[in-house]
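Undergrad: Pasting a structure here, questions to come.
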Amino acid sequence: MESKIVETQQMILVGLGFYGDPFRLSAGWTEENEIGRLWNRFMAFLSQHHDRIKHFKGERVAYELQIYHEDTPRTGEFEVFVGVEVEELEDLPIEMSVKILPPATYAVFALEGEQIGSDWYLMIAAEWLPQAGYESDHKYSIQRYDERFKGVENLAESVVEVYMPLSPRLPNSRNHGSLKNSEA
Amino acid sequence: MPDLALISKAIDFVEDNLQEPVTVAGMADAAGYSLYYFCRVFNQATHHTPYDYLMRRRLSETTRALLRTDQKIIDVALDYQFNSPETYSRAFKRMFDIQPSQMRKGGYIDSHRLMPRLTLAHLEYISQGQYLKPVLVESEPCQLAGLMTLVRDDERDRLQLWQLFAEELARLQEQFKPGPIYGVANYAEGWESSGYQYLAAAETGGQTISGTALVLKPMPRLTCARFFHKGPIADLSLTLDYIYHTWLPKAGVSASHPWVIEHYGHDLPPASDWQSTIEIRIPLIT
């Protein structure tokens, strides 16, 4: 899995949210669960009212946030937010909500084909991050969808980027390559 | 497809910790999945959210405790991690439609409504999926005539009854309407200890039937959810568990009668080989 570390400035996302267990209705990789329904609602709004969202930053890129609240570990319910990035907020339609992401350092992974439907979160949080000497605060993660995503019916040909926010690097950590030697 | 053995580990973890402060994150850890992925695959495998399953299992066990012991309601609630009597009563009423105190005072909860622990057999059965999407069917009032028995042993008692009914049907053929054959199970209050009534029957043309052993049963107009059970009759409980614990609550509907109606078309149920597909109808409140 391809990865890189990136630093971002503050990001302003405009979109729609859902809180709960999104798979209550249906758990397949279809548009029939709450995440699919959320995307459908948002894309319908975008196509009908494209001009009502101002200062788009980059067309054809959309984000899905998974936000873990305090009660998430107990109930398995979490927030899902889908939206687009804007440069600044102006005359925002009442139907839209806003997320402001602070400047942050992310580990970015390109998920391809079958990886999209796999337990990539575990692979990143439980394997990649600790091996690379990083920690995640597990408060949220971002999926970035651009023209390389071909729809839920075509996952095999699609690419999705995952942004995992990093806590400051552990003081005594070593880099990825030397980890094996240091353990031996 | 989710790995059912791993989902089973999460279910084992729930069973071992019904009285402990279990979280969905803990269930995910037991299965070895991330929380997000676990929520998805648990739903795929069981058709319940992990939290809903945990709550239904806890509530069902509290019901058993209330029926079997003299423990105070609040103590039972606290034992099973409900942090206040109010939270407990609300959750209990949502699942069983009565308050725990009403049930204690002689109310009745059909044990079909107590969520069983889902076994690997349940998960494998759900994953086959053929019977999971019922259609609604309406039926006109009619009169059934047939033979009735009290069933304690599913396979033996029912097989015997169908053999006897086949003889009656052959003898009195002209008095029955050509049409579907029915097996109607009536889970009347207390069936758990005494067995359930089972009627093997066919529709009469409305005239009196002369066989002395025959029972007449008028059937009202019904709206039913129609499912198909695949496999041996001994596994019928897998289908019924799915209907009562997963499909009915999810669809937001309740059964109008404690009946499970088997609908056999024009043929009698196969006498020797029970590895068949059985059409099952559950009457609904509309």
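Values quoted throughout were computed directly from the atomic coordinates according to the rules given, and no laboratory measurement underlies them. Just so it is clear, the structure is predicted and the values come from calculations on it, not from any experiment. No Cβ is skipped: glycine too gets one built from the backbone with ideal geometry, and neighbour counts run over all protein chains shown.
Undergrad: Expressed as a whole percent, how much of the Cα-Cα distance distribution for the protein assembly as shown exceeds 28 Å? Walk me through the numbers on the way to the answer.
TA: Details: 68894 of 110215 pairs.
The calculated P(r) of the protein assembly as shown puts 63 percent of pairs beyond 28 Å.
Undergrad: Right, another one. Can you return the lysines within cross-link range of B:LYS177? Criterion is Cα-Cα under 27 Å, with same-chain partners fewer than 8 residues away left out.
TA: B:LYS217
Undergrad: A follow-up question, please. How much FRET efficiency would the formula 1/(1 + (r/R0)^6) give for B:GLN19 and B:ASP153, where r is the Cβ-Cβ distance and R0 is 25 Å, rounded to 0.05?
TA: 0.15
Undergrad: By a straight-distance test (C-alpha under 21 Å), which lysines pair with B:LYS230 as possible cross-link partners, with residues fewer than eight away in the same chain excluded?
TA: Excluding near neighbours in sequence, the set is B:LYS133.
Undergrad: For the stretch B:211-273, rounded, prolate or oblate, judged on the Cα gyration tensor with a ≥ b ≥ c (square roots of eigenvalues), a/c < 1.5 rounded, else prolate if a/b > b/c?
TA: Numbers: a/c = 2.38, a/b = 1.27, b/c = 1.88.
Oblate shape, in that a/c is at least 1.5 and b/c is the bigger or equal ratio.
Undergrad: Need one value for A:113-120: mean number of C-beta atoms belonging to other chains within 10 Å of its residues' C-beta atoms.
TA: 2
Undergrad: Next question. For helix A:34-48, what angle does its Cα long axis make with the longest principal axis of chain A, in degrees from 0 to 90 and rounded to 10?
TA: That works out to roughly 50 degrees.
Undergrad: Within 10 Å of each Cβ in A:68-81, how many Cβ atoms from other chains are there, averaged over the peptide? Write out the running numbers ahead of the final one.
TA: Details: counts 3, 0, 0, 2, 6, 7, 8, 10, 16, 4, 3, 0, 1, 0.
So the per-residue partner count for this stretch is 4.
Undergrad: Moving on. Please find the FRET efficiency linking B:GLN163 to A:LYS54, where r is the Cβ-Cβ separation and R0 is fixed at 60 Å, and quote it to the nearest 0.05.
TA: Details: r = 78 Å, r/R0 = 1.30.
With R0 = 60 Å, the Cβ-Cβ based efficiency is 0.15.
Undergrad: What number results when the radius of gyration of the stretch B:1-135, computed over Cα atoms, is divided by 2.2 N^0.38 Å?
TA: 1.11
Undergrad: May I pose another question? Using a 7 Å offset from the Cα along the Cα-to-Cβ direction at both A:THR8 and A:GLU157, what is the distance between the two label points in nm, to one decimal?
TA: A separation of 2.8 nm, rounded to one decimal place.
Undergrad: List residues of the stretch B:52-67, by number, whose backbone nitrogen lies under 14 Å from a label position 7 Å along Cα→C-beta of B:ILE98.
TA: From the stretch B:52-67, the list is B:63-64, B:66-67.
Undergrad: State to the nearest 20 debye the size of the charge dipole of the stretch A:38-174 about its Cα centre, where the only charges are +1 on K and R beta carbons and -1 on D and E beta carbons. Intermediate results must be reported in sequence, preceding the final value.
TA: Details: 13 positive and 24 negative charges, 52 e Å.
The dipole of the stretch A:38-174 has a size of about 260 debye.
Undergrad: Hey, can you rank A:86-96, B:188-198 by average C-beta count inside 10 Å, highest first?
TA: Descending packing order for the listed peptides: B:188-198, A:86-96.
Undergrad: Diagonalise the Cα gyration tensor of chain B and give the resulting equivalent ellipsoid semi-axes, square root of 5 times each eigenvalue, largest first, whole Å.
TA: 39, 22, 16
Undergrad: Of the options B:LEU150, B:ILE181, B:ALA251, report the single residue whose Cα projects farthest towards the positive end of the charge dipole of chain B (beta-carbon charges: Lys, Arg +1; Asp, Glu -1).
TA: Selected residue: B:ALA251.
Undergrad: Would you mind getting the Kirkwood hydrodynamic radius of chain A from its Cα pairs, rounded to one decimal in Å?
TA: Kirkwood radius, chain A: 17.7 Å.
Undergrad: Under a point spin-label approximation (7 Å from Cα along Cα-to-Cβ), what is the A:MET1-A:SER118 distance to one decimal in nm?
TA: The modelled label-to-label distance comes out at 0.7 nm.
Undergrad: Right, next: Could you work out the helix-only [θ] at 222 nm for chain B, with each DSSP H run of four or more residues adding -39,500 (n - 2.57) and the total divided by the number of residues, to the nearest 500 deg cm²/dmol?
TA: Working: 12 runs with 117 residues, N = 286.
Rounded to the nearest 500, the figure is -12000 deg cm²/dmol.
Undergrad: Which order results if B:LYS9, B:LYS72 are arranged by neighbouring Cβ count within 10 Å, fewest first?
TA: On the way: B:LYS9 17, B:LYS72 12.
Final ranking by Cβ density, sparse to dense: B:LYS72, B:LYS9.
Undergrad: Can you run phi through the Karplus equation (6.51, -1.76, 1.60; θ = phi - 60°) for the stretch A:152-165 and list ³J(HN,Hα) in whole Hz, with x for Gly and Pro?
TA: Rounded to whole hertz, the list is 5, 7, 10, 4, 4, 9, 9, 10, 10, 9, 10, 10, 10, x.
Undergrad: Using the Cα centre of the protein assembly as shown as the reference point, and only Cβ charges (+1 on K/R, -1 on D/E), how large is the resulting charge dipole? Debye, rounded to the nearest 20.
TA: 960 debye
Undergrad: Pop a pseudo-label 7 angstrom from the Cα along the beta-carbon direction at both A:ASP146 and A:VAL98 and give the gap in nm to one decimal.
TA: 2.6 nm
Undergrad: Taking chain B as the reference, fit the longest principal axis to its C-alpha atoms, fit the long axis of helix B:85-96 to the helix C-alpha atoms, and give the angle between the two in degrees, 0 to 90, nearest 10.
TA: 30 degrees
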